[in-house]
């Protein structure tokens, strides 16, 4: 016995932390998402507006959904995912334009997490849960909007639409169509209604508590912690939720090493070799990191976070640069606090059978 857990069970959980899931045509899915990010990203660089890449990236995350579904089901799945992602972008940009921060941000993001959980469960989003919508809301709210509100939203919407086109493009090669195929959508009735409400309560509590901690402690980026708090809750059961929380912490910390190499002065930083083109270099790193992010997302969440962390931090750095040392330090602290609160919430709030 270790801490009340039988040794075989304990060792099984430990092995699950580093076990890589089976491959399932991951390269094709990763290529679709990479193209979805690269094309709008390169376009914004060419027109001299790389600071707007954040909105394009969040729209392009639509391509992460419906990876193994038939074309017509993927089309529907990605449309449902785009609604959540664009909802997060719209709310976040509105908060930024109106300079609404701190307590209002915590309240609105926590409510979005709860409602997003109900929506994600109802339409069976996969990747599971409202995490990417929560992340989009907090990130867009945290940076100044240098273009009109509608322009930022249109960039995200156009990027999402392009992702849907890329996801459907394979149909023109195979032209396969499953007659009568439908997505398994729940209306959250009966026993599932109780499960969905409990799950939404977890998101509301974890994101809200983490945001309150961030505001009270004077955190510079409480939205990072709030997004991290949502990560463990996407697990199917308590052990998987704990594992996802640990993956989030370890993967983010390793990803911060990549960010430090890119941003800190030194012989390994690509910024040293392209002076005067920092924005182009950061945009290129974002595009390159998106492929391995999707490649590992379904197989090992921790490894996916190693590459996704630079994606999110560097698009934020393009939009609103801050001191790299502060960036890395605060991201590490916020991630640890958020993931810990998320794990604690998963343990504390469980549905009675």
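The values are calculated or read from the model by the stated rules, or taken from the named source; none is laboratory data. Here the structure is a predicted model, which is why all the values come from computation and not from measurement. Every residue, glycine among them, receives a Cβ derived from its backbone with ideal geometry; neighbour counts consider all protein chains shown.
For the reader, a short list of remarks on this structure follows.
Residues are listed down the side, and each one gets a yes or a no for (1) more than 21 Å from the chain's Cα centre (by Cα); (2) buried (at least 16 other Cβ atoms within 10 Å of the Cβ); (3) modelled with pLDDT of 95 or more; (4) more than 19 Å from residue 165 (Cα to Cα):
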residue	(1), (2), (3), (4)
5	yes, no, no, yes
34	no, yes, no, no
43	yes, yes, yes, no
51	no, yes, no, yes
55	no, yes, yes, no
81	no, yes, yes, no
86	no, yes, yes, no
103	yes, no, no, yes
114	no, yes, yes, yes
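- Single residue of 230, 298, 279 found to be under 30 Å from residue 215 (Cα atoms) and in contact (Cβ under 8 Å) with a residue 60 or more places away in the chain: 230
- From the list 288, 254, 268, the lone residue that is surrounded by fewer than 17 Cβ atoms within 10 Å (Cβ to Cβ), in contact with a helix residue (DSSP H, G or I) (Cβ under 9 Å, 6 or more places away or on another chain), in a helix (DSSP H, G or I) and free of Cβ contacts under 8 Å to residues at least 24 places away in the same chain is 288.
- Contact map, the stretch 87-107: first residue in contact (Cβ under 8 Å) with a residue 60 or more places away in the chain, second residue outside any helix (DSSP H, G or I), Cβ cut-off under 6 Å, separation 6 or more or different chains; pairs are 93/145.
- Restricting the stretch 323-351 to residues that are in a loop (DSSP other than H, G, I, E, B) and touching a residue at least 24 places away in the same chain (Cβ under 8 Å), the residue that is surrounded by the most Cβ atoms within 10 Å (Cβ to Cβ) is 349.
- Residue that is part of a loop (DSSP other than H, G, I, E, B) and within 16 Å of residue 130 (Cα to Cα), where the choices are 229, 225, 236, 200: 236
- Taken as a whole, the stretch 148-160 holds no residue that is in a loop (DSSP other than H, G, I, E, B), surrounded by 24 or more Cβ atoms within 10 Å (Cβ to Cβ) and in contact with a helix residue (DSSP H, G or I) (Cβ under 9 Å, 6 or more places away or on another chain).
- Residue 319 in contact (Cβ under 8 Å) with a residue 40 or more places away in the chain and either out of contact with any helix residue (DSSP H, G or I) (no Cβ under 7 Å at 6 or more places or on another chain) or buried (at least 17 other Cβ atoms within 10 Å of the Cβ) (or both): yes
- Test: residue 210 is at negative phi, surrounded by 20 or more Cβ atoms within 10 Å (Cβ to Cβ) and modelled with pLDDT of 95 or more: yes
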